[in-house]
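> Before anything else, here's the structure in question.
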Amino acid sequence: MQIKVSDLDPNLSRLDIYLARKLNSLSRTRVKNLINDGNVLVNSMTAEPDRKLKEGDLIELFIPAPEPSKPVAEPIPLKIFYEDRDLIVFDKPAGIMTHPVAGKMSGTLVNALIYHCKDLSGIGGELKPGIVHRLDKLTSGVMVAAKSDRAHLSLAEQFKRHSIKRSYLALVFGNPAQNSGRIESRISRNPAHRLKMTGKRAEGRIAITEWKVKKRFKHFSLLECRLFTGRTHQIRVHLTEMGFPLVGDELYARGRNVSEKIAPEIRVAIKSLNRQALHAFQLGFEHPVSGKWLEFESDLPEEIDSLVKLLEKFDRCSD
């Protein structure tokens, strides 16, 4: 769509205001989003919402096709550990969201599961079919999804009772003084930063993490963490507030200086990690139908494993 600016009111010359008045079917917020997404050009150039227009300017507007109202099947590869008529256990890679959200209806695990499984439990709703738990986008590891409603109800109850075994490997900055420990706090939204959670306020939901050191390096540690609850960002919050944030965690470890004492090979690897060094390596639960205990393990992904190998080579503790 092209619009040539004419009869311009000097008091209404902002690009977003002008377009919102010209296009009654679009709200000003929708117009601003289109501009910010690069779908509006002024004289063949991208522009900011507050761009002041002049008589004769040529506006080109591109309105993307609407996204589907519910997720569709996509042939996204999945590494599957186990599957039967009631559930599927698989390995989630880092960089993929668990389920769709507003404005992001494709490229998620749900899209992959719909393609691979065809039928999933509908209890989670249209956007979360089969989903009984989740991992953060930049966390990898083993997950289970429900294909039948009976499996969904049973697994959800096991998560609620905290009877499911969930263990993670976490590569962190620093070295804890102890070899193991238990963290218990109440996790709630951080009022100073709405994207973060915090365990330093009295309100919130109880969160329990047990941890132990698997490997020590000079400047880093590889920890095994077991969840007894499943709060948002639980391990990330607990380890950060313990003083040992995750390597690569741009939300909780942003600004963490990588010492010049650390080998340049390690500094380069951390800079290029593009994820937090957190991997859900173990998942155990009771099968919803047979009652048999099932347990699965996932190897460290290559990008974390190679970093650990660099630490073993260049960051070994002094004897």
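> With the condition kept exactly as written, say whether any residue in the range 200-211 is in contact with a Cys (Cβ under 7 Å, 6 or more places away or on another chain) and either assigned by TED's automatic domain parsing to the domain that holds GLU83 or among the hydrophobic types (A, V, I, L, M, F, W, C) (or both).
Yes, the range 200-211 contains at least one residue that is in contact with a Cys (Cβ under 7 Å, 6 or more places away or on another chain) and either assigned by TED's automatic domain parsing to the domain that holds GLU83 or among the hydrophobic types (A, V, I, L, M, F, W, C) (or both).
> Next question. Those residues that are surrounded by 15 or more Cβ atoms within 10 Å (Cβ to Cβ) and in a loop (DSSP other than H, G, I, E, B), I need them from the range 266-319; list them, please.
Within the range 266-319, LEU273, ARG275, GLN276, ALA277, HIS287, PRO288, SER298, LEU300, PRO301, ASP315 qualify.
> Can you pull out every residue in the range 122-132 that is closer than 20 Å to ARG166 by Cβ and either touching a strand residue (DSSP E or B) at 6+ places or on another chain (Cβ under 8 Å) or not in a loop (DSSP other than H, G, I, E, B) (or both)?
Result: GLY124, GLY130, ILE131, VAL132.
Let's see how each residue does on (1) in a strand (DSSP E or B); (2) in contact with a Ser or Thr (Cβ under 9 Å, 6 or more places away or on another chain); (3) assigned by TED's automatic domain parsing to the domain that holds VAL289:
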residue	(1), (2), (3)
LYS32	no, no, no
ILE35	no, yes, no
LEU41	yes, no, no
PHE81	yes, yes, no
THR98	no, yes, no
ARG134	no, yes, no
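> Hey, another quick one. Looking at the range 262-278 only, could you name the residues that are closer than 13 Å to LEU311 by Cα and touching a residue at least 24 places away in the same chain (Cβ under 8 Å)?
Those that are closer than 13 Å to LEU311 by Cα and touching a residue at least 24 places away in the same chain (Cβ under 8 Å): ILE262, ALA263, GLU265, ILE266, ALA269, ILE270.
> Output the residue which, of all residues in the range 222-254 that are assigned to a loop (DSSP other than H, G, I, E, B) and acidic (Asp, Glu), is surrounded by the fewest Cβ atoms within 10 Å (Cβ to Cβ).
Taking the candidates together, the pick is GLU250.
> Restricting to the range 205-221, give me the number of residues that are buried (at least 16 other Cβ atoms within 10 Å of the Cβ) and under 21 Å from the mean Cα position of the chain (by Cα).
Residues in the range 205-221 being buried (at least 16 other Cβ atoms within 10 Å of the Cβ) and under 21 Å from the mean Cα position of the chain (by Cα): 3 in total.
> Being outside the structural domain of TYR82 (by TED's automatic domain parsing), surrounded by 16 or more Cβ atoms within 10 Å (Cβ to Cβ), out of contact with any helix residue (DSSP H, G or I) (no Cβ under 7 Å at 6 or more places or on another chain) and not in a strand (DSSP E or B), is that true of even one residue in the range 186-197?
Checked the range 186-197: at least one residue is outside the structural domain of TYR82 (by TED's automatic domain parsing), surrounded by 16 or more Cβ atoms within 10 Å (Cβ to Cβ), out of contact with any helix residue (DSSP H, G or I) (no Cβ under 7 Å at 6 or more places or on another chain) and not in a strand (DSSP E or B).
> Any idea which of LYS200, LYS212 is over 17 Å from PHE285 (Cα atoms) and in a strand (DSSP E or B)?
Within the list LYS200, LYS212, the selection yields LYS212.
> Further question on the same structure: Return a yes/no flag: does the range 66-74 have any residue that is exposed (fewer than 14 other Cβ atoms within 10 Å of the Cβ), small (Gly, Ala, Ser) and in a loop (DSSP other than H, G, I, E, B).
yes
> Inspect the range 102-118 for any residue being assigned to a strand (DSSP E or B), surrounded by fewer than 21 Cβ atoms within 10 Å (Cβ to Cβ), of a type in the set (D, E, K, R) and touching a strand residue (DSSP E or B) at 6+ places or on another chain (Cβ under 8 Å) and give the result as yes or no.
No, the range 102-118 has no match at all.
The values are calculated or read from the model by the stated rules, or taken from the named source; none is laboratory data. Model, not experiment: these values are computed from the prediction. Methodologically, a virtual Cβ is constructed for each residue, glycine included, from the backbone with ideal geometry; neighbour enumeration extends over all protein chains shown.
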